[in-house]
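Participant: Can you keep this structure in mind? I'll have questions shortly.
The values are calculated or read from the model by the stated rules, or taken from the named source; none is laboratory data. Quick caveat: nothing in here was measured; it's all calculated off a predicted structure. Glycine gets a Cβ as well: all are built from the backbone with ideal geometry, and neighbour counts include every protein chain shown. Ligands, DNA and RNA are excluded from the accessible area calculation, which covers all protein heavy atoms including side chains. Shrake-Rupley method; radii C 1.70, N 1.55, O 1.52, S 1.80 Å.
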Amino acid sequence: MEGYMSERELDGKVAIVTGGSRGIGLAISHALAEAGARVAVVARNSERAAAAAAELPGEGHASFTCDVADPEQVSATHKAVEEALGPVTILVNNAGITRDNLLLRMKDEEFDEVIAANLKGAFNFTRSVTRGMMKQRDGAILNVTSVVGLMGNAGQVNYAASKAGLVGLTKSVAKELASRGIRCNAVAPGFISTDMTDELTEAQIEALKDQIPLGSLGEPTDIAAVVRFLVGPGARYITGQVLAVDGGMVM
Ligand code: NAP
């Protein structure tokens, strides 16, 4: 039970957080840094990623510019993270985008871009870190999916498909790598206040609140607290799970 509920239960660990520069990913980077991990903040905008890494608590964090959709950038970034910070045993696949449109109007590019960033991006990073985690016999992979991947959503066939795909990826990775000491879980946020949900109108937010038993949108820290738990020693016997953090929307 050692280290199970300690204040710095991730001391000495190196964590990659994709999309760690803003919103939910930034809150996750903070939570893992507070738990003692050294965090590699990965995003496309290098200035924002650098600013995010600089404001994390503790020492030894760094930022890396990378488009998760590009497998070559991902393997080069993973190599650079290991050279700078050491072997990676925690991966949080959080980077994600929306390109909403009604099915009949959706362009090929809108569908492909969302699948490439949200689903292929997670595959790219997971494949890259797996060999190192197998060598360490230690790994925790966490995918940020969405309640939309579980329930569907009008106007988001691309996004919902990418997030449902992440659920299948999570369970398959969990089954394939459990015997190697690697766990893989997912969180499915409901509606959380970030840049992504800033696009919603007041009327849309009021309508959403009616579907949320706990009665309000969530905060990025609500997701980060659960991610910290799932990648840490308190969750050592949990793998292949998808945990909705959504104020009770899906039950
Ligand atoms: P956000 O505020 O828009 O932040 C997205 C982050 O991902 C940014 O750091 C962004 O940085 C990065 N990113 C986007 N595309 C990338 C790419 N191709 N390569 C590398 N980094 C990329 O979004 P958020 O609301 O925090 O959402 C974070 C995750 O939670 C997403 O997977 C989202 O689908 C999921 N989620 C959010 C909600 C919600 O209500 N907000 C609900 C359910 C699930 P750059 O732009 O600099 O690359």
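Participant: Among 153-161, 200-208, what's the highest-first ranking by average C-beta atoms within 10 angstrom per residue? All intermediate terms of the calculation are to be shown ahead of the outcome.
Facilitator: Working: 153-161: 18.0, 200-208: 11.3.
The most tightly packed comes first, giving 153-161, 200-208.
Participant: Something else about it: Cα gyration tensor of region 37-92, axes a ≥ b ≥ c as square roots of the eigenvalues: rounded (a/c below 1.5), prolate (a/b > b/c) or oblate?
Facilitator: Values: a/c = 2.11, a/b = 1.21, b/c = 1.74.
Oblate is the answer for region 37-92, as a/c is 1.5 or above yet b/c matches or exceeds a/b.
Participant: What number comes out for accessible area per residue over the chain if the probe is 1.4 Å? Units Å², please.
Facilitator: On the way: 12260 Å² over 251 residues.
Value returned for the chain: 49 Å² of accessible area per residue.
Participant: Can I ask one more? So which helices of the chain fit the span-like rule, where a helix is a whole DSSP H run, its Cα atoms reach 15 Å or more along the axis, and its mean Kyte-Doolittle is at least -0.5? List each step's numbers first, then the result.
Facilitator: Numbers: long enough: 23-34 (17 Å, 1.14); 71-85 (21 Å, -0.44); 121-136 (23 Å, -0.47); 157-177 (29 Å, 0.39); 220-231 (17 Å, 1.42).
Counting only whole DSSP H runs, the qualifying helices are 23-34, 71-85, 121-136, 157-177, 220-231.
Participant: In the structure shown, do any of 175/209; 13/175; 79/175; 13/107; 135/171; 13/209 have a Cα-Cα gap over 30 Å, and if so which? Kindly include the intermediate steps, with their values, before the conclusion.
Facilitator: Values: 175/209 36 Å; 13/175 23 Å; 79/175 26 Å; 13/107 42 Å; 135/171 21 Å; 13/209 38 Å.
Too far apart for the 30 Å limit: 175/209; 13/107; 13/209.
Participant: Which whole-percent values make up P(r) of the chain when all C-alpha to C-alpha distances are grouped in 5 Å steps starting at zero?
Facilitator: Binned Cα distances yield the sequence 1, 7, 14, 19, 21, 17, 12, 6, 3, 1, 0.
Participant: Still on this model: Kindly state, to the nearest 0.05, the FRET efficiency for residue 76 paired with residue 210, given R0 = 35 Å and r defined as their beta-carbon distance.
Facilitator: On the way: r = 46 Å, r/R0 = 1.32.
Efficiency computed from Cβ-Cβ geometry: 0.15.
Participant: A further question follows. Not counting ligands, DNA or RNA, and with a 1.4 Å probe, what is residue 26's accessible surface area in Å² rounded to the nearest 10?
Facilitator: Counting only protein heavy atoms, residue 26 exposes about 40 Å² to solvent.
Participant: Then there's this: Can you tell which of 214, 101, 125 lies farthest toward the positive end of the dipole of the chain, using +1 and -1 charges on the Cβ of basic and acidic side chains (Lys, Arg; Asp, Glu)?
Facilitator: Towards the positive end, the residue furthest out is 125.
Participant: At a probe radius of 1.4 Å, what is the per-residue accessible area of residue 120, in Å² to the nearest 10?
Facilitator: 80
Participant: Additional query: For the chain, what % of the accessible area comes from carbon and sulfur atoms, probe 1.4 Å? Can you show the working numbers first?
Facilitator: Working: 6340 of 12260 Å².
Result for the chain: 52 percent of the exposed heavy-atom area is carbon or sulfur.
Participant: I'd like the distance separating the alpha-carbon centroids of region 133-200 and region 4-73, in whole Å.
Facilitator: 18
Participant: Shape of region 104-251 from its Cα gyration tensor (a ≥ b ≥ c, root eigenvalues): rounded if a/c is under 1.5, otherwise prolate when a/b > b/c, or oblate? The partial results should precede the final answer.
Facilitator: On the way: a/c = 2.47, a/b = 1.46, b/c = 1.70.
Since a/c reaches 1.5 but b/c is at least a/b, the shape of region 104-251 is classed as oblate.
Participant: If you don't mind, there's one more thing I want to ask. Okay, helix-only estimate at 222 nm for the chain: each DSSP H run of n ≥ 4 adds -39500 (n - 2.57), divide by all residues, round to 500 deg cm²/dmol; what do you get?
Facilitator: On the way: 10 runs with 109 residues, N = 251.
Helix-only estimate at 222 nm: -13000 deg cm²/dmol.
Participant: OK, next. Within region 94-122, which residues have the backbone N less than 15 Å from the label spot 7 Å out from residue 176 along Cα→beta-carbon, could you tell me?
Facilitator: Those under the cut-off are 119-122.
Participant: How long is the gain from residue 102 to residue 8 if the chain were fully straight, where each residue apart is worth 0.36 nm and the alpha carbon distance is subtracted? Intermediate values should be presented prior to the final figure.
Facilitator: Values: separation 94, 0.36 × 94 = 33.84 nm, distance 4.57 nm.
Gain on stretching residue 102 to residue 8: 29.3 nm.
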